[in-house]
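Rule-based calculations on the coordinates, nothing more; no lab input. A quick note: this is a predicted structure, and the numbers were derived from the prediction, not measured. So basically every Cβ, Gly included, is an ideal-geometry build from the backbone, and we count neighbours across all protein chains shown.
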């Protein structure tokens with residue numbers, strides 16, 4: 001059984017309406033996503049857009065659509 005703080009457990013809690021669980025997911029993935037976004041944007045895009053703004057928009061979209069997400073394997077939320 002996975003712990004309540006695993007991504008799978010947190011996703012399930014968010015899907016059941018637990019907003020705090022989404023905050024925990026956000027904090028868990030924030031550093032890795034920020035690095036990924038930074039490199040994906042490239043130099044010109046980074047001048048025009050703030051990495052934190054893109055990160056926040058990404059997480060808002062994830063939250064909006066999380067009820068449709070199906071956790072299949074470890075790492076599938078990432």
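Starting from 0.36 nm per residue, how many nanometres of slack lie between residue 66 and residue 12 once their C-alpha separation is accounted for?
18.5 nm
Nearest 500 deg cm²/dmol is fine: what mean residue ellipticity at 222 nm does the chain get from its DSSP H runs of n ≥ 4 alone, each adding -39,500 (n - 2.57), divided by its residue count?
Details: 3 runs with 54 residues, N = 78.
One gets -23500 deg cm²/dmol as the mean residue ellipticity at 222 nm.
Contact order normalised by length for the chain, with contacts defined as Cα pairs under 8 Å and 6 or more residues apart; what percent is it?
Value for the chain: 34 percent.
With viscosity set to 1.002 mPa s and temperature to 20 °C, compute the Stokes-Einstein D of the chain, Rh being the Kirkwood radius across alpha carbon pairs; µm²/s, no decimals.
The estimated diffusion coefficient comes to 160 µm²/s.
Suppose each label sits 7 Å from its Cα in the direction of the beta carbon; what would the residue 56-residue 41 distance come out to in nanometres?
Going by the 7 Å Cα→Cβ label model, 1.3 nm.
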